[in-house]
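The block underneath contains the structure these notes are about, expressed in structure tokens.
The values are calculated or read from the model by the stated rules, or taken from the named source; none is laboratory data. Here the structure is a predicted model, which means the values were calculated and not measured. Note: ideal-geometry Cβ built from the backbone for every residue, glycine included; neighbour counts use all protein chains shown. These accessible areas exclude ligands, DNA and RNA; they are computed on the full protein's heavy atoms, side chains included. Shrake-Rupley method; radii C 1.70, N 1.55, O 1.52, S 1.80 Å.
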Amino acid sequence: MEIERVTVHQFEVPLVEPFVTVLRPIPELRRLLVEVETDTGITGFGEGAPSYTVTGETQRSTKAVLADVLGEFVLGEDPRDVERVRSETGALVAGSPGAHAAIDIALHDLRGKAADMPLYQLLGGHGKHPTLDVPKILSIKDPDEMAADAEAAVADGYEQLKIK
């Protein structure tokens, strides 16, 4: 199995309510979706989540690294050899964690599909009904409003809160 094509899609996910940090309100999440296609017809998908304030990446810079460097580099590679590809792409491009994550996730997706196994099983998880708990992230607001938001989140079933 060899990687035949890498396609990068840029998109925004609008938020129902803007997420407010100390720096600014965030009305949407800027993301990248990487499609890695093989010569066997299997396609893996990976998402990159650039954030300039966290990783120094922008959507545009991450797309450029993916399209112009990492995507070109992985052509002809065996996507099942995730560890070797990760090592070589890490040596090729320092930084750009969102770009590296998108390729890595797509390769893992391909590996799972090639093995005809759900990814959680391939990575050593077990159970008939795997779950993923995510926190409710609370925006910066007046303390009373944040307390009300926290109470509402707990009432909605969230067991974890991330307070900015």
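Here are the numbers for this structure:
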| item | result |
| --- | --- |
| Members of the range 80-96 that are farther than 18 Å from residue 62 by Cα, assigned to a loop (DSSP other than H, G, I, E, B) and either open to solvent by 70 Å² or more (accessible area, probe 1.4 Å) or of a type in the set (Phe, Trp, Tyr) (or both) | 80 |
| Qualifying residue in the range 97-109 (condition: touching a helix residue (DSSP H, G or I) at 6+ places or on another chain (Cβ under 6 Å) and outside any helix (DSSP H, G or I)) | no |
| Answer residue from the range 141-153, given it is of a type outside the set (D, E, K, R) and surrounded by 12 or more Cβ atoms within 10 Å (Cβ to Cβ) and is nearest to residue 20 (Cα to Cα) among those | 146 |
| Hits in the range 110-142 (condition: of a type in the set (Lys, Arg) and in a helix (DSSP H, G or I)) | 111, 113 |
| Selection count, the range 2-52, where residues are modelled with pLDDT under 95 and part of a loop (DSSP other than H, G, I, E, B) | 7 |
| Test: residue in the range 65-79 that is at positive phi, at pLDDT below 95 and surrounded by fewer than 14 Cβ atoms within 10 Å (Cβ to Cβ) | no |
| Residues being open to solvent by less than 40 Å² (accessible area, probe 1.4 Å) and not hydrophobic (A, V, I, L, M, F, W, C) - total across the range 9-34 | 1 |
